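Here the structure is laid out as structure tokens; the discussion comes afterwards.
The values are calculated or read from the model by the stated rules, or taken from the named source; none is laboratory data. Because the structure is predicted, anything quoted here is derived from the model rather than measured. Cβ coordinates were reconstructed from backbone atoms using ideal geometry, including for glycine residues, and neighbour counts include every protein chain displayed. Ligands, DNA and RNA are stripped out before the accessible areas are found, and what is left, the full protein with its side chains, is counted by its heavy atoms. Shrake-Rupley method; radii C 1.70, N 1.55, O 1.52, S 1.80 Å.
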Amino acid sequence: MVTRMKWKIAALATTALFPVGALAQDFGVEEAPAEEAAPVFSNYIELGGDYQTDDSYRFGRYTGAGDEGFGVIGEIDVLRRPAMDDDSTEYFRLHGTGLGGDTRRVDAEYGHQGDFRVRLHYDETPFLQWDDAVTPYLGAGGNVLALPPGWTAATTPAALTAANPTAFRDVNIETKRTEYGASGTLNLGGGWSVSTAYEHEVKEGTMTKGVAWGTNGGNPSAVIAPEPVDYTTDRFKAAVNYNARRMQLEASYHLSMFDEENDSFFVQNPYSDRAGGAPWNLAGAYPAYAQMSLPPDNSAHEFRVSAGYDMTSTSRITANLAYSKHYQDEDFLPITAVPGLVVTTPLPRNSLDGEVTNWMANFEYFNRISDTFDVRAKYRFIDRDDETAQDVFTYITGDIEDQQAAPTSKARINHPYSFTNHQATLEGTYRIAPRTRLNGGYTYELAERTHSEVEENTEHTVFARVRSSLGQNVWGSLGYSHGWRDSSTYVGNRPFLEGHTPAYIATLAGVQLWENHPLLRKFFEAERDRDRVNGSISFAATDRATIGVSGTWMRDDYGDSELGLTESSGYTVTGDLGYQFSDVLSGHAFYSYEDHKTEQAGWSFTGAAKAVQSADPTRRWWATHDDTVHTAGVGLEWQPLPQWSLGADYAYHDATTAISMDDAGAFNLIDFPDIETRVHTINLSAAYALRENIDLRVQYAFENYDSEDWQVDAAAPDASGRVLAMGVTSPDYDVHVIGISARYKF
């Protein structure tokens, strides 16, 4: 800038085209040059690199930065618009983030303001789950998981690992989602416009899947296997919009199509026979394959209409209506993939031929009755009608037995679940004072279900909240709600009775007519009382300091449930502080504490001794889950010189899950080990303006992650007597990342 100003002064001093300049020279007065406005940069390109010091899937869980080594930093943001005094409406926008990594996104948009726009986008997102898993299977990621040549079968995981010490190999459990699409909008004039959008999404990789051979009673054996993921989803939308001063309207059609490249995958049985209980039909043992289904291909069509209308200057009504059809007609897999097993009763049909119809309606009415009072009424209706036909399916459990002859417990009737939900809310807001508002209301909800223990639930909720400015620099709110849910008669064995054939039910009596204990209540159907309290207060302590405190408390009481979830409660308290030390230095700090507790009751019994044990009160047990979380952080932002900008942030997270056990005397239960996670995170940044349009940036990040989880750490391949696991461990790492980049602004 200094160079440009010197040239301007020289030009003014030597030209005779400007009389004012000449007059100034005649009188010996040097004219001050006009001050040049600082340039405004609305675009930038950033390029650089970073280095990560250690491998950690957990650290790069959603970024893909799971490996030690060098990476590339790349971002771009370009916006081109005409000047304010230009008649053109043309514009262009290009925005890209994460361009050098595994999580990247690019958006490009072109249009004429008020006429049309076209947008293209591309997005990649990884999910890294485990990098320390092991498996004996060959072909991970494909649809055939075979054991290596020379495999020695045995009856337990310990015997399998001892007999095949070199057969286990590393496998990464990870997926990657890639999405791209296009959308556009065209204004037709008179408030009308049309729009369309298309998205194509691919998800590939592996997940974990439990595969069991045998029945649930006495002779199952299982493996945790890498399940292949190869999903494709296509989504399409077309809409017509109308926008006027008092009325807005949109009608749209949505199409979704899901495709799984593989309809199933095969897993070779590593076991020679059962680990306990009744023996298998050995036709299903090693080297036989089990066939596991994968998510079926399906499609959905939905029509939506949304409208809003200003009835008067103080009242408005809105409505949202939707109708959808969902289809799934993937061919059924064969009853068994093991040729040596006997199948006498074929499948009743070749595919599910599933069809579900959904209706949804939302209505809302608002009226500002006066300057101090307004009212709002809302109604929501949801209906799901599963029109799938019911049939009797006689199945083979775990590919290790011949098909049973009727009447049998292995002949099951599929349940096409349907439900209807109505919810209505009436609320009002009253302005007690210019800065104080009181809001309150009542909500009624009715839920009806098929093939469930409860046919009908009704729920009532009353709520109130006050918001107020308590002074010139103080703001606060306090709210409370109380709800109670009632249910029709709880019939715990209804799904069991409706899921078996009448011929089989006729052979049962007494305790044989139920699977779950008659005292058990499922929490989402059980009667419940719910209380919620939330409040906050924030104030400017001085012209440099702001302080905020907020908290919530909740309690769900399932007082009529003797077994199942009986109580859930918890509270959260958060405080934050912001302070402006000077014009160039500011800081913030926060702390949050959470405590959530659940109480659960159960009754232990086995199938063989069900009649006696389910009536023995000494076999009752209780579990208490207590989750506590501490989160704290502090940060500073400092600009010591105009060209320098510095930042520092530190955060700490500490979570503990404690599970305590008790029983009525039959088991002498002990508490589970605590599950703990502790995380320290440090982020430092510095930016230096090398020139007015070039910034040099340095960033440093550190994360220390330490976790102990017995559910994971106890899952060595041979740790279980029945399940061959993948041997993963809880994450524990220290990772440093340093990055250097340059941002060019234009």
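The table below lists the values:
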read-out: Verdict on ARG412 being among the charged types (D, E, K, R), open to solvent by 60 Å² or more (accessible area, probe 1.4 Å) and in contact with a helix residue (DSSP H, G or I) (Cβ under 8 Å, 6 or more places away or on another chain); value: yes
read-out: Residue satisfying all of: in segment 38-79; among the β-branched types (Val, Ile, Thr) and in a strand (DSSP E or B); surrounded by the most Cβ atoms within 10 Å (Cβ to Cβ) among these; value: ILE73
read-out: Tally, over segment 462-497, of residues that are part of a strand (DSSP E or B), surrounded by 16 or more Cβ atoms within 10 Å (Cβ to Cβ) and more than 29 Å from the chain's Cα centre (by Cα); value: 8
read-out: Candidate set: segment 530-556, residues that are of a type in the set (D, E, K, R) and surrounded by fewer than 16 Cβ atoms within 10 Å (Cβ to Cβ); chosen: the one modelled with the lowest pLDDT; value: ASP543
read-out: Of all residues making up segment 278-303, the number that are in contact with a Pro (Cβ under 8 Å, 6 or more places away or on another chain), assigned to a loop (DSSP other than H, G, I, E, B) and not aromatic (Phe, Trp, Tyr); value: 1
read-out: Subset of segment 231-283 (residues that are in contact with a helix residue (DSSP H, G or I) (Cβ under 9 Å, 6 or more places away or on another chain) and of a type in the set (Gly, Ala, Ser)); value: SER272, ALA275
read-out: Residue match in segment 519-529 (condition: among the aromatic types (Phe, Trp, Tyr), assigned to a loop (DSSP other than H, G, I, E, B) and either surrounded by fewer than 16 Cβ atoms within 10 Å (Cβ to Cβ) or in contact with a Cys (Cβ under 9 Å, 6 or more places away or on another chain) (or both)); value: yes
read-out: Single unsatisfied condition, GLU459 versus (1) in a strand (DSSP E or B); (2) touching a His at 6+ places or on another chain (Cβ under 6 Å); (3) among the acidic types (Asp, Glu); value: (2)
read-out: Every pair of residues 6+ apart whose Cβ atoms lie under 9 Å, when the first sits in segment 476-488 and is within 16 Å of PHE523 (Cβ to Cβ) while the second is surrounded by fewer than 17 Cβ atoms within 10 Å (Cβ to Cβ) and of a type in the set (A, V, I, L, M); value: GLY483/VAL462
read-out: Unmet requirement for GLY101, which otherwise passes all of (1) assigned to a loop (DSSP other than H, G, I, E, B); (2) in contact with a Ser or Thr (Cβ under 6 Å, 6 or more places away or on another chain); (3) open to solvent by less than 30 Å² (accessible area, probe 1.4 Å); value: (2)
read-out: Condition check for ASP230: over 23 Å from SER299 (Cα atoms), open to solvent by 40 Å² or more (accessible area, probe 1.4 Å), modelled with pLDDT of 95 or more and in contact with an Asp or Glu (Cβ under 9 Å, 6 or more places away or on another chain); value: no
read-out: Residue match in segment 310-328 (condition: at pLDDT 95 or above, open to solvent by less than 40 Å² (accessible area, probe 1.4 Å) and basic (Lys, Arg)); value: yes
read-out: Number of the exception - ASN172 against (1) free of Cβ contacts under 8 Å to residues at least 24 places away in the same chain; (2) of a type outside the set (A, V, I, L, M); (3) within 30 Å of LYS203 (Cβ to Cβ); (4) open to solvent by 70 Å² or more (accessible area, probe 1.4 Å); value: (1)
read-out: Extreme residue, farthest from the chain's Cα centre (by Cα), among residues of segment 625-650 that are open to solvent by less than 40 Å² (accessible area, probe 1.4 Å) and either among the aliphatic types (A, V, I, L, M) or modelled with pLDDT under 95 (or both); value: ALA648
read-out: Criterion violated by TRP622 - all others in (1) in contact (Cβ under 8 Å) with a residue 40 or more places away in the chain; (2) within 30 Å of the chain's Cα centre (by Cα); (3) under 23 Å from ILE675 (Cβ atoms); (4) open to solvent by 30 Å² or more (accessible area, probe 1.4 Å) satisfied; value: (2)
read-out: Strands (runs of 3 or more DSSP E) wholly inside segment 384-453 containing at least 2 residues that are within 32 Å of the chain's Cα centre (by Cα), at negative phi and not small (Gly, Ala, Ser); value: 419-433, 436-449
read-out: Cβ pairs under 8 Å, 6+ apart, first in segment 289-313 and farther than 30 Å from PRO334 by Cβ, second at pLDDT below 95 and part of a loop (DSSP other than H, G, I, E, B); value: ASP310/ARG245
